[in-house]
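These notes concern the structure reproduced below.
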Amino acid sequence: MVGPWASRGFTMIELITVMILIGILAVVAMPNLNVAEGFGATSFNDRVAASLRFAQKSAVAHRRMVCATVAAGSLKLTVDASFGAGTCTNTLAGPDGANPAALAPAAVTLTALPAGPLYFQPSGAVTSDAAGTAPVSFTLTVTGQTPITVNGTTGYVD
């Protein structure tokens, strides 16, 4: 068009329509962006479970006690210097070679019940004392995740 009535931009109806579409997209897309925050907790939960399985398998394979300690949002593994030593003094790297075996991301916590280290005995059992007299089942909880259970008599990590 040429003349005084020539179009020189958007009409009010077009602007309002675009604003409404942007609002609808924001409402639909914003909840999906928050999902990414949960991935850190999920991967940490998986690392803790893998590290506990690794500790149990290492204890059986090396015929030495392996200790798993939950402290300050991390899981640390240590191993006996020799069979029957009764003290976990040597550092044991986790399944991916890292130490601590699992380190929590920000705003994620790890707790063990009962509290205290887990002693994976050479037989595969898990106890709450280094002597290995009484197998104890443990539950480890990562913020917002399904708890990890460790069966005391078999050492099975679920």
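Among (1) in a helix (DSSP H, G or I); (2) modelled with pLDDT of 90 or more, where does F39 come up short?
For F39, the exception is condition (2).
Filtering the stretch 128-142 down to residues that are under 21 Å from A50 (Cβ atoms) and in contact with a Leu (Cβ under 8 Å, 6 or more places away or on another chain), which residue is surrounded by the fewest Cβ atoms within 10 Å (Cβ to Cβ)?
T139
Need the failing condition index for L103 against (1) under 22 Å from the mean Cα position of the chain (by Cα); (2) modelled with pLDDT under 90; (3) surrounded by fewer than 17 Cβ atoms within 10 Å (Cβ to Cβ), just the number.
Going through (1) under 22 Å from the mean Cα position of the chain (by Cα); (2) modelled with pLDDT under 90; (3) surrounded by fewer than 17 Cβ atoms within 10 Å (Cβ to Cβ) one by one, L103 breaks only (3).
Between T141, T133, which is part of a loop (DSSP other than H, G, I, E, B) and without any contact (Cβ under 8 Å) to a residue 60 or more places away in the chain?
Just one listed residue meets the conditions, T133.
Restricting to the stretch 106-127, name every residue that is among the β-branched types (V, I, T) and surrounded by 17 or more Cβ atoms within 10 Å (Cβ to Cβ).
Once the filter is applied, which keeps residues that are among the β-branched types (V, I, T) and surrounded by 17 or more Cβ atoms within 10 Å (Cβ to Cβ), the stretch 106-127 yields V108, V126, T127.
Go through the stretch 130-150 residue by residue and tally those that are modelled with pLDDT of 90 or more and over 23 Å from A104 (Cα atoms).
So the count comes out to 2.
May I ask you to say which residue of G116, G94 is under 16 Å from A55 (Cβ atoms) and touching a Phe, Trp or Tyr at 6+ places or on another chain (Cβ under 7 Å)?
Within the list G116, G94, the selection yields G94.
For the stretch 63-73: of the residues being at pLDDT 80 or above and exposed (fewer than 15 other Cβ atoms within 10 Å of the Cβ), which is farthest from T146 (Cα to Cα)?
R63
So, A29, is that one among the small types (G, A, S), modelled with pLDDT of 85 or more and either out of contact with any Lys or Arg (no Cβ under 7 Å at 6 or more places or on another chain) or not in a helix (DSSP H, G or I) (or both) or not?
When the stated conditions are applied, A29 does not pass them.
The values are calculated or read from the model by the stated rules, or taken from the named source; none is laboratory data. Model, not experiment: these values are computed from the prediction. All Cβ positions, even for glycine, are placed from backbone atoms using ideal geometry, and neighbour counts span all protein chains on display.
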